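These notes are about the structure you will find just below.
FYI, it's all coordinate maths here, none of it is from the lab. What you are looking at is a predicted structure, and each value in this text was computed from that prediction instead of being measured. As a convention, Cβ positions derive from the backbone with ideal geometry for all residues, glycine included, and neighbour counts pool all protein chains shown.
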Amino acid sequence: MTSHDLPDVPKPAADVAAHDDLSPASRVVALGRPARVPGAGVSPPLELSSTYAAGGPQGYARGGNPTWSAFEEALGSLEGGDALVFASGMAAVSAALSLAPHGSPVVASKTAYNGTVASLLDAERDGSHEVRWVDLTDTAAVVAALDGAAMVWLESPSNPLLEVADLPAIAAAARERGVLSVCDNTFATPLGQQPLSFGVDVVVHSVTKYLSGHSDLILGATVTASTEAGTALHDRLAHHRLLGGGIAGPMETWLALRGLRTLHVRLERATANAAALAERLHGHPSVERVRYPGFGAMVSLEVVGGPEAAERVADAVHLWSHSTSLGGVESQVERRRRHVLEPETTPENLLRLSVGIEDVEDLWRDLDQALRHA
Ligand code: PLP
């Protein structure tokens, strides 16, 4: 592992490599558990101590905690690298952005998550970064913007337009030019794609969403490759977390690991539901346009009748939850432009659907009646 030069960051369990030949569905269940010695717990304990007796593998809990390590071991294995847990997805985004030197150019798209775009707009305004705004689906334009940049920020599929970027091509072009690539993998999850395997340098997650999966906590993560260069990035991110100080709570992290165990089955069901709903929505008289990238459980649709009609749909659902966020077992619907931070690239009449694991016929009946109501 990694953070030899940092105090208080515990090492992951030594037997991670023993699980390398297992499929992700098995690894996510097997990893992050106590060593199998007689009498040991099958599940990891929730560690609430802020400090530890001197001389052991960990000292002060702002730098590391065994519950963090258990979660990081499981997520790191799924993404194929070394994970760090952060207090929120935005804390992970901020840590990753801090890897670009002050004043340096960053290549990014205005169609990313609104919090990320707002952070980049702030950085542009106060001179922390020059931002080169690009269309991530136009690979040639992205590559042309890379020369002299410090970082390229990727989010694919994007929130909420569900645009897909050519991650392998952009990551390779970035590496050739010495540009750091970061990918927000919240929508795809590591079961959908593993950006590190495409040559991306840093993966970012809002763990709040699919990874924890139950809409009951806020958490984030970064993952970097287990190479020399990846380890150097990991150490800088761990340093940022240690000194930034806004750290993840052990309780949230423990719950996230419990949720992560079922990612595979949740995503399988939610994806099947989303694909079925996207197909039916295509022919619906109240729907102008459906966006579904062909994988994952997020669907966006544009409603006939403008933003007012879209709001009426969101207000008329019963089984679906009219609420912000995504990735939970429950299906959610929201008009994204109701948020002041949402970029103008998002159409006013766009509803974002986070499709959950309920019965697909129940979901369809409820959505259909709400759309007809509008
Ligand atoms: N990245 C994406 C793609 C998101 O959708 C979100 C939140 O919606 C975030 C990052 C921020 O995560 P959090 O709300 O956990 O801070």
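Quick check on the chain: of the DSSP beta bridges with both residues there, what percent are antiparallel, nearest 5%?
Of the beta bridges lying entirely in the chain, close to 60 percent run antiparallel.
If I fit a long axis through the Cα atoms of helix 228-244 and take the longest principal axis of the Cα atoms of the chain, what angle between them do I get, 0 to 90°, rounded to 10?
80
Where the centroid of each part is defined by its Cα atoms, how far is region 278-303 from region 139-177 in Å?
Here the two parts' Cα centres lie 26 Å apart.
If you take the square roots of the eigenvalues of the alpha-carbon gyration tensor of region 263-373 and sort them as a ≥ b ≥ c, do you get rounded (a/c under 1.5), prolate (a/b over b/c) or oblate?
prolate
So who's got an amide H within less than 5 Å of the one on residue 183, skipping anything under 5 residues away but keeping other chains? H placed 1.01 Å off N, in plane.
154, 202, 203, 204
Of 29, 204, 152, which has the largest mean-square fluctuation in a 10 Å C-alpha GNM of the chain?
Greatest mean-square fluctuation among the candidates belongs to 29.
For the chain, what does the helix formula give at 222 nm: sum of -39500 (n - 2.57) over DSSP H segments with n ≥ 4, over the residue count, nearest 500 deg cm²/dmol?
Helix contribution divided over all residues of the chain: -11000 deg cm²/dmol.
Mind giving me the nanometre distance, one decimal, between the label points for residue 37 and residue 102, set 7 Å out from Cα along Cα→Cβ?
Placing both labels 7 Å beyond Cα along the Cβ direction yields 4.8 nm.
Once both labels are modelled 7 Å past Cα along the beta-carbon direction, what's the residue 251-residue 323 spacing in nm?
Placing both labels 7 Å along Cα→Cβ, they lie 1.7 nm apart.
Treating the angle as unsigned and between 0 and 90°, give the value, to the nearest 10°, between the Cα long axis of helix 66-79 and the longest Cα principal axis of the chain.
Orientation of helix 66-79: about 60 degrees from the principal axis.
Identify the chymotrypsin sites (Phe, Trp or Tyr not before Pro) of region 47-99 meeting these criteria: DSSP loop state and at most 14 other C-beta atoms within 10 Å of the C-beta.
Of the chymotrypsin sites (Phe, Trp or Tyr not before Pro), not one in the loops of region 47-99 has a Cβ with at most 14 other Cβ atoms within 10 Å.
Quick query: amide H of residue 358 versus all other amide H atoms, modeled in the peptide plane; which residues come in under 5 Å with a sequence gap of 5 or more or a different chain?
331
If I build a Gaussian network model for the chain, linking alpha-carbon pairs within less than 10 angstrom, which residue out of 228, 155, 348 has the largest mean-square fluctuation?
Of 228, 155, 348, the most mobile in the Gaussian network model is 228.
Over 20 Å intervals from 0, what percent of Cα-Cα pairs in the chain sits in each interval?
P(r) over the chain, rounded to whole percents: 29, 56, 14, 0.
Per residue of region 250-260, what does 6.51 cos²θ - 1.76 cosθ + 1.60 with θ = phi - 60° give for ³J(HN,Hα)? Whole Hz please, x for Gly and Pro, Karplus curve as stated.
Whole-Hz 3J(HN,Hα) from phi for region 250-260: x, 5, 4, 5, 5, 5, 5, 5, 4, x, 4.
Given 136, 189, 286, which one lies farthest toward the positive end of the charge dipole of the chain, if we put +1 on the Cβ of every Lys and Arg and -1 on the Cβ of every Asp and Glu?
After comparing all options, I get 189.
Per 0.36 nm of contour for each residue apart, how much would the distance between residue 51 and residue 21 grow if the chain were fully extended, relative to their Cα-Cα spacing?
Length gained between residue 51 and residue 21: 7.2 nm.
Residue by residue through region 53-65, what is 3J(HN,Hα) from phi via Karplus (6.51 cos²θ - 1.76 cosθ + 1.60, θ = phi - 60°)? Round to whole Hz and write x for glycine and proline.
Here the 3J(HN,Hα) series is 4, 4, x, x, x, 9, x, 9, 6, 6, x, x, 7 Hz.
Relative to the present Cα-Cα distance, how much length would full extension add between residue 340 and residue 140 at 0.36 nm per residue of separation?
Fully extending the segment from residue 340 to residue 140 adds 68.9 nm.
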